[in-house]
Amino acid sequence: MAERLAIDHVGHRGDGVAFAGGQAVFVPYTLGGEAVEAGAVPGHPDRRLLLRVATASAERIAPFCPYFGACGGCAIQHWQPQAYRAWKRRIVVDTLAHAAIECPVGDLIDAHGSGRRRITAHARSGSSGDLRIGFAAAGSHAIVEIEACPILDSGLHGALDAARALADVLKPTAKPLDVQVTATQGGLDIDVRGSGPLPPAMIASLSRIAEQHGLARLTRHGELVLMRTPPVVGMGIAAVELPPGSFLQATAAGEEALAALAAKHCQGAKRIADLFCGVGPFALRLATRTRISAFDGDAGAVIALQKAAASTPGLKPIKAERRDLFRRPLVPQELRDFDAVVFDPPRQGAQAQVRQLAASRIPVIVAVSCNAATFARDARILIDGGYRIEGVTPVDQFRHTPHVELVARFTRGR
């Protein structure tokens, strides 16, 4: 039975928020001020299924992708860009206010650039043996077959075709096959997860696919199957050969924007610690003017950074070390010689390391985060430890989604 709802506003997850019986309910693909008809979602009393927009917002626009609303990759394509950008900045403002953190919040930087340079496609065989290749459906594990995705970098041209060809050989069962594809200078770098062992005959078939689709490298669960050419990406003046399945910022423009903000906030520092350094998106740029000590728990990432630093002329010394900063954070005595620290942790934040930073006397700390909530928690620790937050800049490299990055600068006197 349809229920008529008045949408009050768009929530932090991108769904419209309405009130039914005094309780908040969430209706995807709706905007504030709209009147809609919605249906129940079994097992989810706080969610509704949009059936019809009875009265549309003046800010509603037509989505540009034919898969929008079925594919779960994008939450918002139906909102006028200026209003969307204000909403995305407001996510950061509201999260900081909830944590009682007061500081200037800059304008949202649009860092979509030429589009996403990495995806994870899913492949699954149905009960009748038909093969489905695409992305997860909105709100479920079902697979929406995708022929082409309009938000991808041109370097991922052919990525879904390559994933389909690989799945034809690997023949996934009811369990999905995950195909992670990254655009590199040498072609597509693909890591496959969910397949069984690969017999020699199958590897020969995969080699033919690699040639046909111009793959740089193919790995299975991080183990090398074949490599036609090194999968290299540029980082500043350096070239990094990526470890299999390694983390990389979603867009090249996003990485550039985050690194530029970090460099700006560290200006004048003579020795910088880069914590959760990954393959070096900050370290390799900062090292053009200062010495860097870089730390990360991922051995492959650290090795890739070391190789890139050693083969790039014009860089100051970079010392890269494998270290689990969640279990063994740098303590104040180890931090005392640094003029600045940059840290960019995973979504769960860096609580253990931040407690040690808060007890240190480092003059400048630059926090990079992909999760406003865990950033606010970590920022509160720094502020309670005597640091002053000077400002936050939100960065949007996940356009059309509720995900937002941010960069913040903290200072204290010696």
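The values are calculated or read from the model by the stated rules, or taken from the named source; none is laboratory data. Keep in mind it's a predicted model, so treat the numbers as computed, not measured. Using ideal geometry, Cβ is built from the backbone for each residue, glycine included, and neighbour counts are taken over all protein chains shown. Remember, those area values only see protein heavy atoms, side chains included, never the ligands or the DNA or RNA. Shrake-Rupley method; radii C 1.70, N 1.55, O 1.52, S 1.80 Å.
Brief remarks follow.
- Flag: ALA136 does not match the condition of being among the hydrophobic types (A, V, I, L, M, F, W, C) and either more than 30 Å from ALA216 (Cβ to Cβ) or buried (at least 20 other Cβ atoms within 10 Å of the Cβ) (or both).
- Condition check for VAL53: within 30 Å of GLY385 (Cα to Cα) and at pLDDT 95 or above: no
- All conditions but one from (1) open to solvent by 40 Å² or more (accessible area, probe 1.4 Å); (2) at pLDDT 95 or above; (3) under 27 Å from LEU166 (Cβ atoms); (4) of a type in the set (S, T, N, Q) apply to GLN249; the one that does not is (1).
- Take the conditions (1) among the aromatic types (Phe, Trp, Tyr); (2) buried (at least 22 other Cβ atoms within 10 Å of the Cβ); (3) modelled with pLDDT under 95; PHE276 misses just one of them, which is (3).
- When PRO243, PRO231 are checked against the criterion of being in contact with a Gly (Cβ under 6 Å, 6 or more places away or on another chain), in contact (Cβ under 8 Å) with a residue 60 or more places away in the chain and open to solvent by less than 30 Å² (accessible area, probe 1.4 Å), a single residue qualifies: PRO243.
- Being in contact with a Cys (Cβ under 8 Å, 6 or more places away or on another chain), open to solvent by less than 80 Å² (accessible area, probe 1.4 Å) and touching a residue at least 40 places away in the same chain (Cβ under 8 Å) is a property that does not hold for LEU330.
- Scan of the stretch 283-292 for residues that are open to solvent by less than 10 Å² (accessible area, probe 1.4 Å) and out of contact with any Gly (no Cβ under 6 Å at 6 or more places or on another chain), ordered by number: ALA283, LEU286, ALA287, THR290, ILE292
- The requirement of being under 30 Å from LYS316 (Cα atoms) and crowded, with 19+ Cβ neighbours inside 10 Å is not satisfied by THR219.
- In this entry, THR182 passes the filter for residues that are crowded, with 23+ Cβ neighbours inside 10 Å, touching an Asp or Glu at 6+ places or on another chain (Cβ under 8 Å), under 25 Å from ARG132 (Cα atoms) and of a type in the set (Val, Ile, Thr).
- Residues (in contact with a Lys or Arg (Cβ under 9 Å, 6 or more places away or on another chain), surrounded by fewer than 16 Cβ atoms within 10 Å (Cβ to Cβ) and either of a type in the set (Asp, Glu) or within 17 Å of PRO402 (Cβ to Cβ) (or both)) located in the stretch 50-83: GLN80
- The residue of the stretch 321-373 that is farthest from GLN249 (Cα to Cα), among those that are in contact with an Asp or Glu (Cβ under 8 Å, 6 or more places away or on another chain) and of a type in the set (Gly, Ala, Ser), is ALA358.
- Restricting attention to the stretch 94-132, the residues that are of a type in the set (A, V, I, L, M), surrounded by fewer than 14 Cβ atoms within 10 Å (Cβ to Cβ) and assigned to a helix (DSSP H, G or I) total 1.
- Selection status of GLN397, open to solvent by 10 Å² or more (accessible area, probe 1.4 Å) and either closer than 17 Å to ILE91 by Cα or not aromatic (Phe, Trp, Tyr) (or both): no
- Residues being in a strand (DSSP E or B), within 27 Å of the chain's Cα centre (by Cα) and modelled with pLDDT of 90 or more are entirely absent from the stretch 200-214.
- Residue pairs whose Cβ atoms lie under 8 Å apart, separated by 6 or more positions or on different chains, with the first residue in the stretch 140-167 and within 20 Å of PRO28 (Cβ to Cβ) and the second open to solvent by 60 Å² or more (accessible area, probe 1.4 Å), are ILE143/ARG124; ILE143/ARG132; PRO150/PHE64; ILE151/ARG399.
- Residues of the stretch 378-395 classified as closer than 13 Å to VAL407 by Cβ and assigned to a loop (DSSP other than H, G, I, E, B), total: 0
- Residue match in the stretch 31-49 (condition: under 30 Å from the mean Cα position of the chain (by Cα), open to solvent by 40 Å² or more (accessible area, probe 1.4 Å), farther than 22 Å from HIS141 by Cα and not basic (Lys, Arg)): no
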